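Student: Structure incoming, see below.
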Amino acid sequence: MKRFVLVASMLVFVFVAPASADVAPPNQFWWHVGCGWFCQHYQPPAQADEAAKPEEAATQPAEVAPSSRAQPAAATAATEEEVGAQPEEQVAAQPLVEAGERAQASVEGAKPAKKHKKRKHEKPKQEEPNPGGMWVGANGGGWGPSEPPEMAPMVKYVRLESGNTKEFDSFQSSGIHVDWDDWGPYVHGVSSLSDAEYASHLVSVIEADPSIVSVEVLNEPEGNWFWGEGANSKANAEAYARLLEVVYNKVQATFGGERPLLLGAFEEGSSWGDVWWNALKQKNAVDGVVVHPYGGRGIRAQSALGNRGEVERAHSYTGKPVYVTEVGWPTATKFPPTSDSLQWTQPEQAANIYGFVNWARSTGYVAGVFIYGYRDAETNGPAQYGVMTHAGVKKNGWTALKQAAEGVACTVCS
């Protein structure tokens, strides 16, 4: 039945998906689950659509499932041939400010190997580190050619999911470094994947764009909401350990010291993460671990902080640098909470973002923070995590993230 649903969803996408990304469709769940992996492998790169996380998919009247965070526009690959600028809407202007900086991370255990020539237009223009050497960025992608120059004054890192080198280049040409979330096919658990095929797929994308700074090996692979029943089983955790080792060896052998960082999904610091880490801790298989510490729907004061305990545990258990590649606070105050967060006013969102980035920088072991996300997934629903509205109007959070990246005082937090 699951196989039937997956195939059916691909067919639905082929016949009903918009031919152009000029207007971002409001619901990308079936694209993301049904076509993402298929299209990545069987369409030419220039045509491949970027898969947005199903997390922010459909508008729901009540509680939003864990798949409700995604930015729908990020489901379409942002090539100039495919995507036009988003239409402007006249709404109240929000505060603006200027540019953030970047950081550079070293690769552990890198060995010399065949050299790969980097295309000049891929190399980001600014090389100065963010204050404290921590990457500060946002989840983005799929909003058209205006997105990179619009994001560049705010942050110098972006988390993208498409695997589309034209989209990667568009950000890099604006001075923004790319963390590639190679999210995976979202099928029947990690154990259903072919390690060798997946590793070869990863290498092919890196060869096409060697300036990617980091690669996340699968997105939330322990999550039943993406990977099906039993995704968080011991068998799938062990399968993830094997996959990480195969990927590391393949990428290291191909690129050596020029390879991007390879990041493993520790996620909630659950026993699932413990299992795969214990299988690999004596080996070189990851350069850092990934967590998504959304604040939850409990006590409001604690939710405002994000789940910092999750971050702390990931580092204490593994000893590795921690990359927070998703954390955010939605601003749809007229709607109920999402599955992972309460709703916040725009000044509250700004204060939460600014506070989390500064706390993460103070730890000394958080190597990167990517705020979720660049724009709201929808205009009339709870998944409004963006630091900009769906129409492209800056919220207070845009300025707060920019100022946090720069290490200056927040002027819009309350």
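Student: Got a sec? Which of V205, V213 is in contact with a His (Cβ under 6 Å, 6 or more places away or on another chain), surrounded by fewer than 23 Cβ atoms within 10 Å (Cβ to Cβ), at negative phi and not polar (S, T, N, Q)?
Tutor: Exactly one residue qualifies, and that residue is V213.
Student: How many residues does the range 400-414 contain that are at pLDDT 95 or above and over 24 Å from Y323 (Cβ atoms)?
Tutor: Residues meeting the conditions: 3.
The rows are residues; the columns are (1) aliphatic (A, V, I, L, M); (2) closer than 21 Å to V251 by Cβ.
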residue	(1), (2)
S173	no, no
V187	yes, no
V190	yes, yes
S194	no, yes
I206	yes, yes
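Student: Report those helices (runs of 4 or more DSSP H) wholly inside the range 246-337 carrying at least 1 residues which are out of contact with any strand residue (DSSP E or B) (no Cβ under 8 Å at 6 or more places or on another chain) and buried (at least 19 other Cβ atoms within 10 Å of the Cβ).
Tutor: So the answer is 271-280, 308-318.
Student: Within the range 178-199, can one find any residue that is closer than 29 Å to V408 by Cβ, touching a helix residue (DSSP H, G or I) at 6+ places or on another chain (Cβ under 6 Å) and at pLDDT 95 or above?
Tutor: Among the residues of the range 178-199, at least one is closer than 29 Å to V408 by Cβ, touching a helix residue (DSSP H, G or I) at 6+ places or on another chain (Cβ under 6 Å) and at pLDDT 95 or above, which makes the answer yes.
Student: Would you please list the contacts, defined by Cβ atoms under 9 Å and residues six or more apart or on different chains, that run from a residue in the range 396-414 that is surrounded by fewer than 16 Cβ atoms within 10 Å (Cβ to Cβ) to a residue that is at pLDDT below 95 and not basic (K, R)?
Tutor: So the pair list comes out as V408/V97; V408/P131; T411/P95; T411/V97.
Student: Continuing with this model, one more query. If you scan the range 186-195, which residues turn out to be surrounded by fewer than 20 Cβ atoms within 10 Å (Cβ to Cβ), not in a helix (DSSP H, G or I) and not hydroxyl-bearing (S, T, Y)?
Tutor: V187, H188
Student: Can you tell me how many residues in the range 338-366 are over 19 Å from Q302 (Cβ atoms) and either surrounded by 24 or more Cβ atoms within 10 Å (Cβ to Cβ) or acidic (D, E) (or both)?
Tutor: The number of residues fulfilling the criteria is 0.
Student: Another question about this same structure. Considering (1) modelled with pLDDT of 95 or more; (2) assigned to a loop (DSSP other than H, G, I, E, B); (3) closer than 24 Å to E220 by Cα; (4) not hydroxyl-bearing (S, T, Y), say which one A377 fails and leave the rest.
Tutor: Every listed condition holds for A377 apart from (1).
Student: Another one. If E197 satisfies every condition in (1) over 23 Å from W398 (Cα atoms); (2) charged (D, E, K, R); (3) in contact (Cβ under 8 Å) with a residue 24 or more places away in the chain but one, which is the exception?
Tutor: Here E197 clears every test but (3).
The values are calculated or read from the model by the stated rules, or taken from the named source; none is laboratory data. On a predicted model such as this, the values are computed, not experimentally measured, just so you know. Cβ coordinates were reconstructed from backbone atoms using ideal geometry, including for glycine residues, and neighbour counts include every protein chain displayed.
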